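Notes for the one structure printed next.
The values are calculated or read from the model by the stated rules, or taken from the named source; none is laboratory data. All of these numbers come straight from a predicted model, not from anything done at the bench. All Cβ positions, glycine included, derive from the backbone under ideal geometry; neighbour counts span all protein chains shown. Only protein heavy atoms, including side chains, enter the accessible area calculation; ligands, DNA and RNA are left aside. Shrake-Rupley method; radii C 1.70, N 1.55, O 1.52, S 1.80 Å.
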Amino acid sequence: MDLEYPHLQFTEGFWWRRPEGAHVRLGITREAAGQLMYVTHVGLPQVGARVRAGEPLGVIESQKVVSDLFAPVSGTVVEHNGALQDRPFLVNSDPEGTGWLLLMTQE
């Protein structure tokens, strides 16, 4: 359990998830953000996109690498973190808080 964010559930592949009623908020863990170093861009699916667990849903770029993001759950994207467009470094500075990636319905 994460002491700063006690309601997070951790999944395989360096994801965290936080149930929020009928939705689930998703992001990458501190460990994953630390391995990426300085995040420069996050490419996420559009609102309304359907994603399937285990399939690519976007990319995350750092100064050293571009990595595919694979969906930890199946569902429909309800919202993505618009703040990341101008401030992708939020993934590094607060990956389990303001650096969240997606809000989805879960199938």
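Numbers for the structure displayed
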| read-out | value |
| --- | --- |
| Helix-only [θ]222 nm of the chain, DSSP H runs n ≥ 4, -39500 (n - 2.57) each, per residue, nearest 500 | -2500 deg cm²/dmol |
| Stokes-Einstein D for the range 47-107, Kirkwood Rh over Cα pairs, 4 °C, 1.567 mPa s (µm²/s) | 106 µm²/s |
| Two-site FRET efficiency, Glu20 against Val66, from Cβ-Cβ distance with R₀ of 35 Å, rounded to 0.05 | 0.75 |
| Whole-percent carbon and sulfur share, accessible surface of the range 55-107, 1.4 Å | 48 percent |
| Translational diffusion coefficient (Stokes-Einstein; Kirkwood radius from C-alpha pairs) of the chain at 20 °C, 1.002 mPa s, in µm²/s | 158 µm²/s |
| Equivalent ellipsoid, the range 27-75 (semi-axes from 5 times Cα gyration tensor eigenvalues, Å) | 21, 12, 8 |
| Potential lengthening between His41 and Glu107 on full extension [0.36 nm per residue; Cα-Cα distance subtracted] | 21.0 nm |
| Accessible area of Met37 in the full protein assembly, 1.4 Å probe (Å², nearest 10) | 110 Å² |
| Max mean-square fluctuation residue, GNM over the chain, Cα-Cα springs under 10 Å, options Glu79, Glu31, Glu61 | Glu31 |
